[in-house]
Each structure stands twice: as C-alpha cells, then as structure tokens.
1. Give the residue, chosen from Glu373, Glu360, that is buried (at least 21 other Cβ atoms within 10 Å of the Cβ), free of Cβ contacts under 8 Å to residues at least 24 places away in the same chain and not hydroxyl-bearing (Ser, Thr, Tyr).
2. Taking Leu322, is it in the same structural domain as Ser243 (by TED's automatic domain parsing), in contact with a strand residue (DSSP E or B) (Cβ under 7 Å, 6 or more places away or on another chain) and over 17 Å from Glu176 (Cα atoms)?
3. Can you name every residue in region 32-58 that is surrounded by fewer than 18 Cβ atoms within 10 Å (Cβ to Cβ) and part of a strand (DSSP E or B)?
4. Which of (1) closer than 30 Å to Ala327 by Cβ; (2) surrounded by fewer than 16 Cβ atoms within 10 Å (Cβ to Cβ) is the odd one out, the single condition Thr209 does not satisfy?
5. Could you run through region 101-110 and say how many residues are touching a residue at least 60 places away in the same chain (Cβ under 8 Å) and within 18 Å of Glu59 (Cα to Cα)?
6. Considering each residue of region 225-241, count those that are of a type outside the set (Ser, Thr, Tyr), touching a residue at least 60 places away in the same chain (Cβ under 8 Å) and not in a strand (DSSP E or B), and give that number.
Amino acid sequence: MKKILNTYITIVLLATVSLGAAAQVSVTSNELRKKGNSLSIDATITVPGDVVESKNFIELTPVLETGDQKMGLPSILVNGKNRQKVYDRMVALGNLNEEPRFAIVKAAEADVHKVEYKTTIPWEDWMRNARFVLMPDLCGCGNETPGEPILIADRILQRPDKRYEPALSFAYVNPEVETRKERAEVGTAFLDFQVGRYAILPDFRNNATELGKIRNTIETVINDEYITPDGIELKGFASPEGSYTSNANLAKNRTQALRDYIMRQYGQFKVDFFTLNSEPEDWAGFKAKAEADRNMPSRSGVLDIINGSDEADAKERILRALDGGAAYRYVLAEHFPALRRTEYKINYTVRGFSVEEGREIIKARPQHLSLNEMFAVANTYQPGSREYNDIFETAVRMYPADPVANLNAANIAISKKDYPAAKRYLENAGNSPQAAHAKGVLALAEGRLAEAEQLLKQAQNGGVREAAANMEELVKKKADNALFDSFD
C-alpha cells in the first residue's frame, strides 16, 4: 500500500523546523485517503530528544487546510525534562485543564521518539483540495514562537470518478503507389448444350440468362470511361460423364464456341484478345462437392474412387457400378450439372485519378481507386471524421486481403471502440512494426497492459514514432489502475 501511495502523494521526508535547537522534527506520510465517508490519516512523526530545552515544551498540531478553511487535529505535546515534572504535578493535583492530546512525549537528549499518528475523521467536501501540515509551536518562559509548517501531504488521495482512458495515437500506413492499376471482372456461366454438341443455342433451356450474365459483365467494362479492356480469359469444364476423350473435345470446342459468340456480339474483340483453356473432366470440383455432401449415397466409396489412381474412364466405370448404380444416379442429377460450366475473366486497367477526382469517384465507383489514391483522399478530411473513417472502411472492403488496408481499418475500428472488428482486421494485417503497434494499441485499449507493453516496445524498436506516446499513456494507465484498485 505504501508503495502505491508514494506514487500519488507528495511526501516530504525529514521536513524540518528550526526552533532554536539543533534537532529536527521529521514527518512521513503513510496514508491520507478518503474511504467512504471518512478520512483515514496515518503518519509517523519523529521527535529527537533535544528538540526542546529542559524548561520548555513544543506543541505539534496536525492541520488540514485549504485557502479559507482549517481543521486542527489532536496535537502532540513534547515536554522538556523539567517541564515534564511540572506537567506531572499539575496532573496529580488536578490543576490541568486543556484540550485532549494525541500523545504526551517527554524529551530526553539520548532518545528519539516516534509517534504513529493514526486517526479517522468524518469526511467533509471542503477537504477534497486540502493539504496536510504539522504546525509546531515552541513555548517557554511566557513566550510562544510559532514555527514554519511542515508539509505532510499536499493532497488527499481519493478514488477517481472513473478509470483513466488512454489517449491513443495511431500509426497509419501510406500504401505503395500502383504504377499500373490492373483489375478483373470474373464470373461463371452454366450454358446448356445439346448432347454431344458444342454449338451455342441462345434460346436453349437457360442459356439466355447465362449469356446475359456474360454480356452484362463485358459491357460493365467496355462502357466505363475510366477503363481500358486488356483481354478475356475463358476456361471450359466438363463433368466426368462419358469418355475422357469425348469430354476433352467438348470442353475445348464449347469454350471456343463461347469465344466466337462474344466476338460476334462485340466486333472490337479479335481472336488474340482471348486466352482459352479447358478442363476435360472436373474431378477436383467433383471431390469438393462429394466432401461437402453428407447425404450422398455410398459417400466414402465415392471418395475412394475419386482419390484413387485409376484413369478417368476407369473411375467412371467403377462409380457406375458402385452400390448398384445408386451413387452414380445421385451425382449425375445433383452434382454433374454444376461441373459443366465456363469460367470467364475480363482483364482491364483503370487510369489514375487526382485527389479531386478521387473524392467523387470513391462515392460511386470506389473499386477504381488504388489504396494509395484512397489514402490521399482520406487525408483531405479531418482525422477521426466520418468521411475519414468511411474511406478506410471502404478500402478494406475493396481490398479485403491487403495487409495495409486491414491495418488502417483496424486503427479506425479501435478509434471507434469496435474491438471485435479490429481483431478481425489485425488477423490479416501482417507482421510489420506498424501491425505490432496496432495490436499493442488494441491491447492498451482493452486493458491488457503487459501484452500492450511488449508490443509497443516492439513497434518502438521498429521505428514507429507513435509508439512513444502510447507508452506514456501505458504508464499513466498502470498508475491509475494501481490508484483505483487500492481503494478495493
């Protein structure tokens, strides 16, 4: 307890008063603390034996005082040798009529007297800003000489109204400039073909909807004034139904048929604008579906076939025979249709934007801005403002896997006290000194001070300037915790 108090109470050790004697009176404050509706006082007053001459006495009075109010507490009377004899006679004869004393001390040159001054008094509001002093008065031969007050404590220790909240500093990272802003739109089309054919029939089954998806994606790119198309990638997949050779031809020819369809729709695209690939039988996709489908008949047997080393046609034959064909009929209806598909990817580049342009673009088409451009736009707003915070949150939505976007978004989340979101972002923020700093700031905000100290030191050693300010806040938080908890 004393160690804690020494942090918060200014203690004047060996404070002295010159009373015409070589000796000194010293005071140590052990506790001056508000406890509920009371004030607890604990001080040690050391009185040397030669503080007064034999015929004199000194009165030491503890006093609570503010600018306009004082309260004296029971005093300590220190009598010289002869003065004590007089005092004892007066007591014996019943001739002594004075206020109650806390202690009576007989001074002797060879002795040092320690008075443990402990008491509790009712709390009054004016005491909130009081200081605690010891007033010495030397008396003898009809004269009284007041000494200078000895400071015991300059304030009363009180529980704060609430715990200290650190003023956090954040280290945002300016993302690297993208010299070429390459982007892509991707999608999957499930086109239906006649059995064994590869010609695209726009009105066949659900083809109108699937072809519409592809056209919408392409037109989103070619109709955007800020975009330059760079190429289209197509990859066709077939299911394991039928022979591998037949499926290889179907996957290849159906992919080429889709390319030709797009070229007829958009005359600006030439053959060399396309990159074509095909997967004759999508066993990997089939495996993923089988692993996820707990209702598949003979599921473990199906997975054994998929994972086996047989060639594709042999696997299909074994699958057809499994469980009397029940498993094959199931996957033919439930999973193979989804494996017959074409994945498409439209690559393009986006031009760069000035900060002024970026302020408008981010409202409607934020995906066109690079992280660096978003950062520049954010810094045109007041840090902590709604616009500032919104931009960093938009950045992480546009670039969810980027460590810098996640780090900056984590800082925003901490500043808004959304600690669960901050933790999610920090999982993808990497291991840079700035990421360690953000983790340390989060730990500080949540009261995990030992962890915070370790992380902030790591960040400080890594050159993060803001770490020093947060380390100072950490020290304040530790001190406040010690003070606050000392009242429990």
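The values are calculated or read from the model by the stated rules, or taken from the named source; none is laboratory data. These figures come from a predicted structure and were not determined experimentally. Here Cβ is always computed from backbone atoms with ideal geometry, including for glycine, and neighbour counts include all displayed protein chains.
1. Answer to the selection: Glu373.
2. Spelling it out, it is not the case that Leu322 is in the same structural domain as Ser243 (by TED's automatic domain parsing), in contact with a strand residue (DSSP E or B) (Cβ under 7 Å, 6 or more places away or on another chain) and over 17 Å from Glu176 (Cα atoms).
3. Answer for region 32-58, where residues must be surrounded by fewer than 18 Cβ atoms within 10 Å (Cβ to Cβ) and part of a strand (DSSP E or B): Lys34, Lys35, Ser38, Thr44, Thr46.
4. In the conditions (1) closer than 30 Å to Ala327 by Cβ; (2) surrounded by fewer than 16 Cβ atoms within 10 Å (Cβ to Cβ), Thr209 misses (1) alone.
5. The qualifying residues number 2.
6. Of the residues in region 225-241, 3 are of a type outside the set (Ser, Thr, Tyr), touching a residue at least 60 places away in the same chain (Cβ under 8 Å) and not in a strand (DSSP E or B).
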